[in-house]
Every structure is written in C-alpha cells, then in structure tokens.
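**Student:** Attaching a single structure in structure tokens format; questions to follow.
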Amino acid sequence: MSRPVRLTVNGAPASFDVEDRTTLLDALRDELGLTGTHAGCEQGACGACSVLLDGEIVRSCLLLAVQAGGRTVTTIEAVGSPGRLHPVQEALRRHHGLQCGYCTPGVVLTAIDLLERVADPDEEEVREALAGNLCRCTGYAGLVDAVLAAARDAGPGR
Amino acid sequence: MPRTEDARLLTGLGRYLADHDVAGLHHVAFARSTLAHADIAGIDVAAAATLDGVVAVVTAADLRAAGARPLSHRLAPPYQPLSWELLAVDRVRHVGEPVVAVVAASRAVAEDAVELLDIDYRELPPVVGPAAAMAPGAPLLYPEWGTNEFVHLEGSTAGVEEALAAAPHRLQESFESHRVIGLPLEAHGAQGSWDPARGQLTLISSAQQPHQLRSVVAEACGLREAAVRVISPDMGGGFGNKQHFTREECLVGMLAIMTGRPLRWSADRTEALTASVHSRPQVHHVDAGFDDRGRVVALRVAVTSDLGHPVLYFSGIGPSLVTVGALSGGYAFPEVGWSLSAVATTTCPVGAYRGFGQPQAHLSTERVLDRIAQRLGVDPLDVRRANLLPAEPRPWRTYSGGLVDCGDLHAMVDTLVAEFGYHEWRHRQAEARSAGRHLGVGLSTLVQGTAPNQHDTAARFGSLETAMVTVLPDATVTVAVGTKSQGQGHETVFAQIAADALGVGPEAVTVADGDTGRLPYGQGTWGSRSTVMGGGAVVTACRRLRARMAAIAAHLGLTLPEEGPVDADVLAAVAATAWWVQHRLPPGVEPGLSTTVTYTPGRTNPSADGLQNHDETYSSHMTAVAVEVDPATGSVTVLDALCVSDCGVVVNPTLVEGQHQGAFAQGLGNVLWEEVRYSPDGQPLCATLLDYTIPSSLDVPRLRVVHQPTPSATAGGFRGVGEAGLIALPAAMVGAVEDALSPLGVRLNSTRLHPPAIRAAVRATGWRPDPAAWAAAGLEDRRR
Ligand code: FES
Ligand code: FES
C-alpha cells in the first residue's frame, strides 16, 4: 500500500508515493534520484546516509519516508557543486579528507552542522562531532584537519 | 596536488554501483543458508514465484538448465579437487551460502519473496575452527577428500634441522592472527544487462579486477570473453574484499540473460559481514634458533590456516601461500623451513584483505625478535639491527626465491629511532613505570613484496599491466589503465605520472580505468601493484610517445627536449601534424600520437629449484608505536605512532600519507576492536556494524609519516604503498602492548588486543587490580 508524501527537498517542493516501510534513504535515492546520499549499513551505525531534516542532522536509513512528510530535507546535492565547492568541501579536498568518497556526503553535512553550532571547534570537538560518521579509508586525519581548517578559514562571525 | 576525483565525490555526484538506474531495472535478492552445514532436502518456490512483482525464482537446477557452468579453483594436486555451482546444490557449507535467487521489480519485493521460500534443510554437524576440522572423526565438508585438509605443503632450506639443533638458544611458541574483514563502506554488488540482438552482456560491478572478472563471468555464463563487458564504476573501497570473482557477480550475469531484464544485486551490510570474504585466521607454531647476539640462525614455522568454505574463484589459499613465502621479511635469516596445513571449515570463505597473508607472517617474525630480546635482556631494536638485511647484496635472494631489491634498511632504522624519539620514549617509559603506569613501545621493521605475480598459485593473475596513452589533436591527453581505483586516487596519480613524462600539465590529462571496453586486458588493483605496474605502463607508453613527438618536432624544425616541460606551441604543432598532416611526418614514424603498452618488469625469474620471485619489487616500512595500557580495564591508548616509508619514487606525498593513515586506522581497528566471531554451531555473531565495530574518529590518533624513498628499478622507480602500513601495524601493536604489561609478566601471542583479551592475559599472571589505586591514578586520555 503506497501513500503520497509531500515535502521540501533542497529548497524545492517534492512528492512521491511510497509504501509505509520505505525509508527516507530509499525514497531520496529511488524516488527523487538523489544518489549522493549513500547506504553504508542501513542499520543506523555508519552515518553515510546523513541528511539534514529541518536543519538537524539525521540518519535517513532510520527514518521512514512518511515521517518526512511536510518537513524540509537537505541532501548533499544542495551543498556546493564541482565548480563551486562549499568551504567545507574545499577544505576536505585540500586536506585529503576523502579517499573513496562513500562516507563523504555524510561527513560534509555533519561538519556543516557542527560549524553551524560551534563557531570555533577544537580537535576534540571535531572528533566528537564526526564520531558517528564511519570512514574505512582515511584514518580520519585529513578529515579532522579539513574541518578545523574550514572553521579557521571561515573565521568568527561567518 | 589535490585530487581530480574529489570534486564529484564531494558533491554527491560520484557514481557508485547503486547509482546506475536504468529503465526497467529489476532487483536480485538471495536466499542464503541459515545453517552452517546441512543437506537441502527440498526447495518449495511456489509462494515466492507467485508474489506480485516477482519475475523469476531460480535454483541451481534452473541455472544448469540455462547453461550456467560451475566454477572451480583451477589448482592441480596436491590441492583437493573442488568445483561449485553458482547456487548451492544439495548441500550448504556455510551460513550465507546462496541457495536461491529471486528477481523482482523492487528490492523490497525480492526480499519479501525470499521470505516466502520454503527450503527444507537436514542439519549436519558444523565444523568451526581448524582444530575441530582436523580432529579424528570430524564431520567432512567434502567426504570425497577423506579429510578437511584442503592442502598440506612444506618447504625448507637445506640446513634448518641442523641449524636448529646446533643453535645456542631455542624458542618455541604459537602466534595467532584472528579473523577480521576488510569491510569497504560500500558493500559489493553488480548490475547486469543483456542485449540479445548483439549477444552482449554488460556487467557493472564494484570489482577490483574488471578484466579477470570478465574472464570468469564469461566462463560461468558460457559466453566468449568478447561477449562480456565489465565496467567498474566509482567504488566505495575494496581492500581485497571485492577482489574475488564472486558467485553473485556471475549470477547477476546469468539472471540478466535468463530474464532479459536489467537487474542489480547490491549487498546489504549483513550479507557483506557474513557472506562475502573474511580474512587472516592463522595459527603459527614457531621454532626459532638464535645466537648470543640475537641473530636468528634458523626459523621453522608450521602454519595452520582456516580457509572457511573454500569456494572462492581464485582460491582462498592465496594469502596462506604468501604467508609461508614471507617469513623472513627484511631479515637475513640463513635457514627457514615451513609447513602449511590449510583447512576447510563451515564458515564464510576466507580470502583477500589488504596485506594478503603478509600480516600473519610478519607477526611471527616480529614476535620472535621481541622474544629473543626478552630472553637475552637486550633492546628489541638491537635484535632487529642484528638481523636486518645488510646493505649488500641486492637483490637479496630469500629462502622462498624472493629477489629483495629494497633500500638501506639500517639507514631507515636510524631515521625511525631519531624521528620517533625512540630513546626518549624508553626514558618516558621508565619514568611511567616508576609511577606505576604501563607504557610500552612496539617496533615493526617491515619489508614487503609488492606488485605480485602469481601465475602458478592463483588462476587469472599475470604480472602485467596495460596502458593506452593518447595525445589528442588539441594536445590534451587521455590515459586508460587496467588497474582500478577503489578510492586511492588513481585518476590523479596516473595523470601526474603521464604529465611528468610527457612534459604537460596534469590538468591536461584525463584518466580512465575499470572498463574492459577500453583496453584489451589488465590486472586490476590489489597487492600494492597499481603505481608500480599501472604507473610503469603509463611511463613506458609516455616515453614512447615522447620519442615520437621529439622526432616529429625535429622534422618540423622545432625543439622538443627529452625531459622536462614541453612548449605548448610546439606540442600543438606536433599533435596537429601527427594526426592531420601525415606527409609532413619524418619517414618511418608512425602517424598519430597514441600507443598501447603492456608492461611487465619481468622479475618473476623462476629457478631450477622450483622457486620464483613472487613480487616485482619490495617496499620497506618501519613503524614504532607507544601505548599506555590500563591493566584493570584492558584498554589501550596509542600515545604516539610513526612510520618511515620507502615506497620508491613518491608521485604524490599527500596520497601516500593518506594510504598510510588509512592503513594505520585499519590496523588499529583490526587488533583493538574488530573480530569476526562464530558461535560453536557455526552461526555468525557479527551481522551489523554494532557487532563488528570499526574505529571512529575518536579512536584513531594521527600517524606521523616520514618518507625515505629509494627508487626501484621498475619503469618509473615505484615500489607500491597500499598495504605496508597494515602489514606492519598488528605486530607493532602486539609488541607495544606486551611491552607495556611486561612488568606484570604478561605474554601476548595473538593479535586480539581487545580489552577482554588483555584483561584475561593480565589476570592469567595472577595480577589483580586494586580499585582504589586505580581511581587514585586518575588515568586520563593521553591520546594525541
Ligand atoms: S546507512 Fe544509515 S547509518 Fe549507515
Ligand atoms: S573515504 Fe572511503 S569510507 Fe571514507
């Protein structure tokens, strides 16, 4: 049994019909073609599926699509473009904060969320914030450097 | 230089396997065995087949009728004979073995249909662990073998027994490497489509070796290789886990042909954890003889290897064969003997993971050297210096036929001591000890074979790589290589190599990999081979083109130097002439500016004694770690870690460092938290990332990386970098933790450094924590 869901995705109205059991992750990918949000575990453990829901970082594999009805979702597709990277993306590029890139969309959104909340995080805060985004490739060093640099470069009062 | 691939990956525009939607795409789900060992008494597909949206429910019998062919490991005796069909026939031998395939309009419906299948199992006794497998009267996976031993092999230099007998000192111990999994964050998967008009199968697969996968899929599907195209798209990691040519990939090909629909299998995390490829489980019984100066005079290692259910296309025996050839590492052990007993058990197949058999070998060698230091009461650093290869001769021929071409290991150790601050750490350790704290230092002085050639031990593994380099009429450059990046950044690395060799800017170069439609054959990415072999092919092709460019330029009255940057106008004139104005080319010069090179360093060098050099070159990697251990809780804190890396010519230092940081994190994870566990009845106990915990950003401190490159003799001078850090780390960590706890008399003989394992080892010495003292010590987090 499918039902219609209306929501705002990346600043534009979106709608689709999904079964109740369909996760937000699957709906974003399969119904809206937003494949930048990745499935790493579908068990809530890895953070690869992170998106912003009404401005809060959430795991889209743990939410049903119907729960997002009437709400606002932001995915990686709304953050920068290859020709014009967001400062967090640019910092990850400059500090080699990604290898395979599979965890990266979740990392970008989590880092942006952190920098919205904490203007000038120290390394410990960055590591705490990223603790839910598992990365098997980088060992996190470049990733942490990048987020610290992004905070620094943005400066106070960003 | 930042990576060219990053812009798309950062913006969600990477295209991984599951991002390839096509019209009419169907989905595949597998019914997998729920038992470790059972006969299949019957399969009732009726309910599943009639579910709305289901297109096909396929069993082994259906596959056979459709012309699918069995796979086999392709090894001759003394290996036990073994072939297997794409789905289990009559019997299952590990939890997760695929039994039935369902094709449906959506993944959810396919999974619903799997639930509706009625598979009648008659349970057989499980076989978990090599000891159980080799016990008298053990149930047999393959009764026709008469044993569960897949192979028993031995090898030795001539004088091992005499040298052991005559040795001033002996040590005999056992060392164990536990079962882990590579765990790329993107699980494996494949997507197939069949074009009946052209008789062409296209398989998109998250695969490390697209060309070899084509060979295997063609064989399994009964097609000519030319009728199959394999494309490996952006990959979310591989680490060996996506190296074996799986039943599932072949099944996707067959199901696409059988149903005529485009379809995708995308493994979920539970499938990936329980039914892909596990790695590492080995036990080594070591017998070493040494002299008063700590020099090993003879080493004998009896390796017992758990292969799981050995249904992997190139057999899971590969890593074990590498283990028994790598027991002397970078050390001048004069006599080495080994035996290998590789055993089948009713667990997930065991095969490749970054390091491929070498971490287990290195654990034993390093542990032996640490034990010698303890026995003689000397610094473990001095024992390493006493045993490391002398600066001459090169190559150094090892007991297994290896022709080690590494740089000056003693100079690297000097760098390690200075940069790590080895003596300062020893001083800090002494201070900490007098304050009742447990600090330890561990060393790992590794020499690793890279760019392996395994023609005789694993089907489909040659020692060549292919590159096609083209300078287009507008003077931009395309490079196609047969290697396959899984995140390592090959688009950037090969662009830099080509740009350097051709004298153009790296932004002028576009790199493509992972597509059998682009190149006749390649070998993919594994065994730290890509920069050595792919880079060697690219360099060779570029040099060839550059010579042609220089000849054309000279004929046109222009100057194009042999090395260094090429003037843009000269290049433009040469490219335009080469492609468009053939009558202005010098006589005998091939028109156009494109060449395809198939490159081999050619160092396989089989000898009359049946040995051969299994690696085209060798990398060196010296690691030191300092840890603090809390004996009460068993928790380990890494205080400092440094490596000195010789991976030959460094193309991009940032990317090399990234490889080392990533390997370091995996190594820490492997020993401190990770273990693939089974219940006694063969049920996997790690089915989610909550049961199998890989390190997070809170767990991995920064590794300090020092480069000390020595160019190799291969084209370009590269040595390879992907695996060294992960081979070196477990041994260093076991050494460090044991060193920390040595005042308590703790001995560690396993890679399990999980808190419960350490607590058990500590308690085994009779030591008991004093809770009051522990609280007073106020152990803080000293990481970073
Ligand atoms: S896919 Fe959602 S947390 Fe892993
Ligand atoms: S870059 Fe591969 S998982 Fe993070």
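**Student:** Kindly check whether there is at least one residue in the stretch B:233-248 that is at pLDDT 95 or above and within 16 Å of ligand 1 (Cβ to nearest atom).
**Tutor:** Within the stretch B:233-248 (the criterion being at pLDDT 95 or above and within 16 Å of ligand 1 (Cβ to nearest atom)), the answer is yes, since at least one residue qualifies.
**Student:** Same structure again: Exactly one condition in (1) farther than 14 Å from A:Leu7 by Cβ; (2) among the hydroxyl-bearing types (Ser, Thr, Tyr); (3) more than 15 Å from ligand 1 (Cβ to nearest atom); (4) under 9 Å from the mean Cα position of the chain (by Cα) is not met by A:Thr74; state its number.
**Tutor:** Result: A:Thr74 passes all but (1).
**Student:** If I go through the stretch A:128-141 residue by residue, how many of them are more than 16 Å from ligand 1 (Cβ to nearest atom) and more than 15 Å from B:Gln666 (Cβ to Cβ)?
**Tutor:** Final tally of qualifying residues: 1.
**Student:** Just give me the residues in the stretch B:368-392 being crowded, with 20+ Cβ neighbours inside 10 Å and outside any helix (DSSP H, G or I), in sequence order.
**Tutor:** Across the stretch B:368-392, the qualifying residues are B:Leu388, B:Leu389.
**Student:** Right, B:Ala47: of a type in the set (A, V, I, L, M, F, W, C), assigned to a helix (DSSP H, G or I) and in contact with a His (Cβ under 8 Å, 6 or more places away or on another chain) or not?
**Tutor:** Here the answer is no, as B:Ala47 does not meet what is asked.
**Student:** Pick from the stretch A:80-94 the residues that are closer than 16 Å to A:Leu52 by Cβ and within 7 Å of chain B (Cβ to nearest Cβ): which of them is surrounded by the most Cβ atoms within 10 Å (Cβ to Cβ)?
**Tutor:** Only one residue fits best here, namely A:Gln89.
**Student:** Another one. Condition (residue is within 15 Å of B:Gly253 (Cα to Cα) and among the acidic types (Asp, Glu)) applied to the stretch B:47-60: is it met by at least one residue?
**Tutor:** Checked against the condition, which is being within 15 Å of B:Gly253 (Cα to Cα) and among the acidic types (Asp, Glu), the stretch B:47-60 yields no hits at all.
**Student:** Continuing with the same structure: Can you tell me which residue is farthest from ligand 1 (Cβ to nearest atom) among those in the stretch A:100-126 that are buried (at least 22 other Cβ atoms within 10 Å of the Cβ) and within 9 Å of another protein chain (Cβ to nearest Cβ)?
**Tutor:** Among them, the one singled out is A:Val126.
**Student:** A further question on this structure: For the condition touching a residue at least 60 places away in the same chain (Cβ under 8 Å), away from ligand 1 (no atom under 16 Å from the Cβ) and either open to solvent by 10 Å² or more (accessible area, probe 1.4 Å) or in contact with a strand residue (DSSP E or B) (Cβ under 9 Å, 6 or more places away or on another chain) (or both), what is the one hit in B:Val481, B:Val566, B:Val477?
**Tutor:** Step by step, each of B:Val481, B:Val566, B:Val477 is checked, and only B:Val566 is touching a residue at least 60 places away in the same chain (Cβ under 8 Å), away from ligand 1 (no atom under 16 Å from the Cβ) and either open to solvent by 10 Å² or more (accessible area, probe 1.4 Å) or in contact with a strand residue (DSSP E or B) (Cβ under 9 Å, 6 or more places away or on another chain) (or both).
**Student:** Looking at B:Thr445, B:Thr365, B:Thr398, which is the one that is open to solvent by 10 Å² or more (accessible area, probe 1.4 Å) and among the hydroxyl-bearing types (Ser, Thr, Tyr)?
**Tutor:** After applying the criteria, what remains is B:Thr398.
**Student:** Still on this model: Could you tell me whether the stretch B:535-544 includes any residue that is open to solvent by less than 40 Å² (accessible area, probe 1.4 Å), basic (Lys, Arg), part of a helix (DSSP H, G or I) and within 21 Å of B:Asp500 (Cβ to Cβ)?
**Tutor:** no
**Student:** Looking only at the stretch B:425-452, count how many residues are of a type in the set (S, T, N, Q), assigned to a strand (DSSP E or B) and closer than 21 Å to B:Arg384 by Cα.
**Tutor:** Matching residues across the stretch B:425-452 total 3.
**Student:** Among the listed residues A:Thr75, A:Thr8, which satisfies the condition of being more than 15 Å from ligand 2 (Cβ to nearest atom) and surrounded by 19 or more Cβ atoms within 10 Å (Cβ to Cβ)?
**Tutor:** A:Thr75
**Student:** Still on this model: Contact list please: Cβ distance under 9 Å, first residue in the stretch B:176-202 and within 14 Å of another protein chain (Cβ to nearest Cβ), second residue within 16 Å of ligand 2 (Cβ to nearest atom) and of a type in the set (Asp, Glu), pairs at least six apart or on different chains.
**Tutor:** Close Cβ pairs (under 9 Å, with a partner that is within 16 Å of ligand 2 (Cβ to nearest atom) and of a type in the set (Asp, Glu)) amount to B:Val180/B:Glu674; B:Ile181/B:Glu674; B:Leu183/B:Glu674; B:Glu186/B:Asp234.
**Student:** If you don't mind, there's one more thing I want to ask. Kindly indicate whether any position in the stretch B:298-319 is assigned to a helix (DSSP H, G or I), modelled with pLDDT under 95 and touching a Leu at 6+ places or on another chain (Cβ under 9 Å).
**Tutor:** Within the stretch B:298-319, one or more residues are assigned to a helix (DSSP H, G or I), modelled with pLDDT under 95 and touching a Leu at 6+ places or on another chain (Cβ under 9 Å).
**Student:** Quick one: count up the residues across the stretch B:86-111 that are open to solvent by less than 20 Å² (accessible area, probe 1.4 Å) and within 14 Å of B:Leu263 (Cα to Cα).
**Tutor:** Of the residues in that region, 5 qualify.
**Student:** Tell me which of these B:Asp6 doesn't satisfy, since it passes every other one: (1) in contact (Cβ under 8 Å) with a residue 40 or more places away in the chain; (2) within 14 Å of another protein chain (Cβ to nearest Cβ).
**Tutor:** (1)
**Student:** Any chance you could count how many residues in the stretch B:221-247 are touching an Asp or Glu at 6+ places or on another chain (Cβ under 9 Å), aliphatic (A, V, I, L, M) and more than 15 Å from ligand 2 (Cβ to nearest atom)?
**Tutor:** So the count comes out to 2.
**Student:** Tally time: how many residues in the stretch A:12-44 are within 13 Å of ligand 1 (Cβ to nearest atom), open to solvent by 20 Å² or more (accessible area, probe 1.4 Å) and either in contact with a His (Cβ under 9 Å, 6 or more places away or on another chain) or more than 11 Å from every other protein chain (Cβ to nearest Cβ) (or both)?
**Tutor:** So the count comes out to 1.
**Student:** While we're on this one: Does the stretch B:453-467 contain any residue that is outside any loop (DSSP other than H, G, I, E, B) and surrounded by fewer than 20 Cβ atoms within 10 Å (Cβ to Cβ)?
**Tutor:** No, the stretch B:453-467 contains no residue that is outside any loop (DSSP other than H, G, I, E, B) and surrounded by fewer than 20 Cβ atoms within 10 Å (Cβ to Cβ).
**Student:** Is there a residue in the stretch B:488-504 that is open to solvent by 40 Å² or more (accessible area, probe 1.4 Å), closer than 30 Å to B:Gly357 by Cβ and not in a helix (DSSP H, G or I)?
**Tutor:** Within the stretch B:488-504 (the criterion being open to solvent by 40 Å² or more (accessible area, probe 1.4 Å), closer than 30 Å to B:Gly357 by Cβ and not in a helix (DSSP H, G or I)), the answer is yes, since at least one residue qualifies.
**Student:** Could you grab me the full set of residues in the stretch B:234-263 that are within 14 Å of chain A (Cβ to nearest Cβ), surrounded by 23 or more Cβ atoms within 10 Å (Cβ to Cβ) and of a type outside the set (A, V, I, L, M, F, W, C)?
**Tutor:** Scanning the stretch B:234-263 gives B:Gly236, B:Gly237, B:Gly238, B:Gly240, B:Asn241, B:Lys242.
**Student:** Could you check the stretch B:10-27 and list, in sequence order, the residues that are in contact with a Leu (Cβ under 8 Å, 6 or more places away or on another chain) and open to solvent by 10 Å² or more (accessible area, probe 1.4 Å)?
**Tutor:** The answer is B:Leu25, B:His26, B:His27.
**Student:** Continuing with this model, one more query. Take B:Ile231 and decide whether it is more than 14 Å from chain A (Cβ to nearest Cβ), farther than 22 Å from B:Tyr521 by Cα and out of contact with any Ser or Thr (no Cβ under 6 Å at 6 or more places or on another chain).
**Tutor:** For B:Ile231, the condition - more than 14 Å from chain A (Cβ to nearest Cβ), farther than 22 Å from B:Tyr521 by Cα and out of contact with any Ser or Thr (no Cβ under 6 Å at 6 or more places or on another chain) - is not met.
**Student:** On to the next question. For the subset of the stretch A:45-66 comprising residues that are over 22 Å from A:Glu116 (Cα atoms) and more than 8 Å from ligand 1 (Cβ to nearest atom), which member is farthest from the other protein chains (Cβ to nearest Cβ)?
**Tutor:** Result: A:Leu63.
**Student:** Output the number of residues of the stretch B:569-584 satisfying the condition of being of a type outside the set (Lys, Arg) and open to solvent by 20 Å² or more (accessible area, probe 1.4 Å).
**Tutor:** The qualifying residues number 9.
The values are calculated or read from the model by the stated rules, or taken from the named source; none is laboratory data. As the structure is a computational prediction, the values presented were derived from the model and not from experiment. Cβ atoms come from the backbone with ideal geometry, glycine included; neighbour counts cover every protein chain shown. Side chains included, ligands, DNA and RNA excluded: accessible areas come from the protein's heavy atoms. Shrake-Rupley method; radii C 1.70, N 1.55, O 1.52, S 1.80 Å.
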